[in-house]
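Notes follow once the structure below has been shown.
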Amino acid sequence: MWNNWNEVDRMFGAMNVLRNHFNNLNSDFERPLGVNFGWRNMDRTPLTNMVDNGDHLQIVAEVPGMSKDDLNIKIQGNYLEIGGKREVKAPEGYRVHRSERGATSFTRSFTLPSEINVEKVEASLESGMLTLTLPKAEAARAKQITIN
Amino acid sequence: MNEQNQVATREQTTPVQTAKRMRVVAPLVDIYENEDELLLQADVPGVAKEDVNVRVDNGTLTVSATRRVNGDGNAQWLEFGEAEYRRSFSVPQTIAVDKVRAELKDGVLTLHLPKSESAKPKQIEIKAV
């Protein structure tokens, strides 16, 4: 019977591979907001990231295929609205085999965690990523407190 | 007993994936065709030109691109992260592999896959006798 030990050994190996596989699956499921694995973002609202850098907030949004004329950004106080549209037309004289990207239009609004100095907001668009830099209003900034 | 030890050592040496894997995302694509070429467009926001990799190998076209995210600061919410866009397609053998052209603009990757001469439709002229 022990001659077959290799077989058993191999089976354990296979089970480990399987277990790793499931672990990986799990790690994808458990990621916050990361459930859209593979086919994702079919509702076509752009995904965004936001970080707080102390004196300013930064929002980055995925807006592939949109030029700056297609985007529309509005801010009022701590309310931010990003809107955009994209037209995808089949090029002249081509047959369509597959069309997943599609024309889209969206608006997404955010309540920012602090008041923004609207005058100093900067927006840039690079390789399909919209970056908004939103300096916090003076009153909302972190203040250094000196201990007496 | 010896055999049990064997199991134990085997368990320890099983490769464990330590490195955090980059998430693999299938980009959305449009595929068009005319007489001269296949045209593929894929949404790959945030990818730099040098991080795109296009390979045609034995009838399979593989597009892969890595998107890096540099974010410092205190994250309030993160909906996307570093990712590898990857997708494979079957393409006819008649693609002229050496003439494939790729462009990247506004986060959209455009691939021109020209058909080789022999695969293009030919107009046959009727000769007057």
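The values are calculated or read from the model by the stated rules, or taken from the named source; none is laboratory data. Values in this document were obtained by computation on a predicted structure and should not be read as measured data. Note: ideal-geometry Cβ built from the backbone for every residue, glycine included; neighbour counts use all protein chains shown. Remember, those area values only see protein heavy atoms, side chains included, never the ligands or the DNA or RNA. Shrake-Rupley method; radii C 1.70, N 1.55, O 1.52, S 1.80 Å.
Within the stretch B:83-95, if we keep just the residues that are without any contact (Cβ under 8 Å) to a residue 40 or more places away in the chain and within 14 Å of B:VAL54 (Cα to Cα), the residue that is farthest from the chain's Cα centre (by Cα) turns out to be B:SER90. Could you please let me know if A:VAL96 is in contact with an Asp or Glu (Cβ under 8 Å, 6 or more places away or on another chain), of a type in the set (Val, Ile, Thr), part of a strand (DSSP E or B) and crowded, with 16+ Cβ neighbours inside 10 Å? No, not satisfied. Among the residues of the stretch A:111-132, are any in contact with a strand residue (DSSP E or B) (Cβ under 8 Å, 6 or more places away or on another chain), of a type in the set (S, T, N, Q), closer than 30 Å to B:LEU113 by Cα and not in a loop (DSSP other than H, G, I, E, B)? Within the stretch A:111-132, not a single residue is in contact with a strand residue (DSSP E or B) (Cβ under 8 Å, 6 or more places away or on another chain), of a type in the set (S, T, N, Q), closer than 30 Å to B:LEU113 by Cα and not in a loop (DSSP other than H, G, I, E, B). For the stretch A:71-86, taking the residues that are open to solvent by 40 Å² or more (accessible area, probe 1.4 Å) and in contact with a Gly (Cβ under 9 Å, 6 or more places away or on another chain), the one that is nearest to B:ASP106 (Cα to Cα) is identified as A:ASN72. Scan the stretch B:85-95 for residues that are at pLDDT 90 or above and more than 12 Å from chain A (Cβ to nearest Cβ) and the total you get is 1.
Just checking, does the stretch B:64-79 include any residue being farther than 30 Å from A:LEU57 by Cα, within 14 Å of chain A (Cβ to nearest Cβ) and at pLDDT 90 or above? No, there is no match, as no residue in the stretch B:64-79 is farther than 30 Å from A:LEU57 by Cα, within 14 Å of chain A (Cβ to nearest Cβ) and at pLDDT 90 or above. Considered as a group, the residues in the stretch A:106-123 that are open to solvent by 50 Å² or more (accessible area, probe 1.4 Å) and in contact with a helix residue (DSSP H, G or I) (Cβ under 9 Å, 6 or more places away or on another chain) include one that is modelled with the highest pLDDT, and that residue is A:ALA123. The residues of the stretch A:44-65 that are facing chain B (nearest Cβ under 7 Å) and either among the acidic types (Asp, Glu) or assigned to a strand (DSSP E or B) (or both), listed by number, are A:THR48, A:ASN49, A:MET50, A:VAL51, A:ASP52, A:GLN58, A:GLU62.
Of everything in the stretch A:99-110 that's part of a loop (DSSP other than H, G, I, E, B) and out of contact with any Asp or Glu (no Cβ under 6 Å at 6 or more places or on another chain), which residue is nearest to the other protein chains (Cβ to nearest Cβ)? Looking at the filtered set, the residue picked out is A:GLU100.
Only a single criterion out of (1) in contact with a His (Cβ under 7 Å, 6 or more places away or on another chain); (2) open to solvent by 80 Å² or more (accessible area, probe 1.4 Å) is not satisfied by B:GLU37, namely (2).
Answer yes or no as to whether B:ALA128 is assigned to a loop (DSSP other than H, G, I, E, B), small (Gly, Ala, Ser) and open to solvent by 30 Å² or more (accessible area, probe 1.4 Å). Yes; evaluated as a whole, the condition is true for this residue.
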